1. Just to be sure before I move on: is L62 open to solvent by less than 50 Å² (accessible area, probe 1.4 Å) and modelled with pLDDT of 95 or more in the structure I sent?
2. Going by what's in this entry, would Y282 be described as touching a helix residue (DSSP H, G or I) at 6+ places or on another chain (Cβ under 9 Å), modelled with pLDDT under 90, assigned to a helix (DSSP H, G or I) and of a type in the set (F, W, Y)?
3. Quick one: what pairs do we get from the range 527-546, first residue farther than 18 Å from L514 by Cβ, second modelled with pLDDT under 70, C-beta under 9 Å, 6+ apart or different chains?
4. Looking only at the range 495-504, count every residue that is closer than 19 Å to D392 by Cα and not in a loop (DSSP other than H, G, I, E, B) and tell me the total.
5. Taking the range 82-103, which residues are of a type in the set (S, T, Y) and surrounded by 15 or more Cβ atoms within 10 Å (Cβ to Cβ)?
6. Residue by residue through the range 366-379, note down the ones that are in a loop (DSSP other than H, G, I, E, B) and either touching a helix residue (DSSP H, G or I) at 6+ places or on another chain (Cβ under 6 Å) or open to solvent by 70 Å² or more (accessible area, probe 1.4 Å) (or both).
7. Need pairs with beta-carbon distance below 8 Å; first residue closer than 17 Å to L315 by Cα and within the range 271-290, second among the polar types (S, T, N, Q); sequence gap 6+ or separate chains.
8. Assess whether G357 counts as being at pLDDT 90 or above, under 26 Å from T108 (Cβ atoms) and of a type outside the set (S, T, Y).
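The values are calculated or read from the model by the stated rules, or taken from the named source; none is laboratory data. Predicted, not measured: the structure shown is a model, and the values here were computed from it. A quick note on method: Cβ atoms are made from the backbone with ideal geometry, for glycine too, and the neighbour counts reach across all protein chains shown. Accessible surface is based on the protein model in full, side chains and every heavy atom, while ligands, DNA and RNA are left aside. Shrake-Rupley method; radii C 1.70, N 1.55, O 1.52, S 1.80 Å.
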Amino acid sequence: MGATLRALRALLLLAGFYLLGVLLLAVLAGIDWLLYLHAPSSVAVKLYLVSVLLAIPVARGLFMLRTPKAEEAPGLPVTEADEPVLWRTVRELADRIGTRAPSRILLTPDVNAAVAEDARLLGLLPGSRRLHLGVPLVQGLTEAQLRSVIAHELGHYSNADTRLAALGVRGRAQILRVIGHFEELAGRTAAREQARQEKKNAKAAAKGRKTKEVDTRHQGITYRAMARIYTAYAKLYLRATLAGARRQEYAADAAAARVAGQDATSSALREIPVLDAAFGFYMHHYVTLGEEAGLLPPRGEVFGGFGRMLSARQLELAGLRTDLPTEPVSPYDSHPPIADRVRRIEALPADHRTDEGRGAALGLLSDPERTLAALEDAVLTEEVRRFRRTADWPELLNGSMTTHFAGLDTPLHRALALYTKTHPTLPALLDLIDDGRLWQLARRLPLSDEAVAAKGRAFREFARPALTESLHRMVLAEFSAHARLHWEFSWERGATARLLPAPGEPAPPSDAALSDLIDPAVGAAVADHPDTGPLRALLPSTPTDPANRETDSSR
């Protein structure tokens, strides 16, 4: 579909929104006229008020004259003086695509690239252009792959996709705004009715009378009915506009393959889902590790460490490149499945451009370390920037784990506190186990209905996994509190803990897994006939005083 036809379709859909509003206002006016002619004045006045309340959101939607200006994503603007090679690459690709280059480049902290244009007169006149380029893409792609990503985005410019997007954006914004108004009014009506019923129940309870169940299901029903009318049109609107968006993605892929090469384009499409998954893993397991402790990685490492993790986990990531997303696409998804896009690109005639741009895309940046540090300043919130910077990643890991175990709160902690009415500690738990009260304590853990109904050995089998897990963590917390736990940082695998020897004790074998030391002792403590001896022998000092032990008359 050409630009002219797409513009005409967008205008018709936008006109349909206005026509729908006018028809609804006409229906409301017609109902009011019939009420004036036939309804008693007392009833008509109340229904007039309802009619006015329904008409207000419709009228507000019709007179929303300006397209809401989207907030720009957080990122780092870079000028040609900052990144001359990147700018030269973008301009070269724009010339080859046959379009005007963007006037602004913004480096962003996500696995994405996008273009935007501040078009005027609903897209009839072009405006300033922006390219958003995710730094994780720059870190994880080759130069040829990144060129194909940029070429794809510039392809949207050449097809007038960004300029004509203003029409679609305006229509979607106005429909969603009207739906939001009706839903808000329905929510307010239900909240008022709920408050009224709760107040009535409180008065009834105070007088000793039976209260009624609060029921607001039928409140705001007229508002919700109006919202459903607009929701139905919104579905039609989105299906029509986003189906065209998917065709635009295919066209932009073809432009990228023509300019940057078939192999580079298909391999970039394969790589993007891998980078997306890897970056999410990196942020969760590395960067935000110190959030609880108020710690940040060294300056420049919030994003800088991602490249090192990618290099260390190449074998682990290799399998993801062949498993492309093939799930059915929602009718409201603007992008086709990656697998379908790759298939189309690889079905093109071979262009034999396999040796271009094999170097890392990070080489397009003048000073990657400086840029990654500046990106942190641009995108991290003020609250996060106040966190303490650690000297290196191992310090971040050990500081984070120490804080985590200091504030450890497992179901076993809570059950022990309820049972003993004292602060839950590991020595107190071991004393309780020695007193034969472990399975009475286990009854206070969160359990399934099946476990609650079980008795004897069956109950112990239900409760043992939760006991084992919580006790294992309590033991680690005890080691951490005595500074005998050291965490070894790794990019290749998850962090591993190593037990440090107590003063005067020989060090455990360097290849001994901590779980091999702890698991047998924990298992003995939660056995059918518990034995805390192995655990007491392993742990730091856990003195017992028989005189201070609690008694349980129910034993």
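1. no
2. Taking the combined requirement at face value, the residue does not satisfy it.
3. Pairs found: T532/T542.
4. Summing the residues that are closer than 19 Å to D392 by Cα and not in a loop (DSSP other than H, G, I, E, B) in the range 495-504 gives 3.
5. T89, T99
6. Taking the range 366-379 first, the residues in a loop (DSSP other than H, G, I, E, B) are 366-367.
Listed by number, the list is empty, since nothing qualifies.
7. Pairs found: E271/Q145.
8. Working: at pLDDT 90 or above: no; under 26 Å from T108 (Cβ atoms): yes; of a type outside the set (S, T, Y): yes.
Criteria not met by G357.
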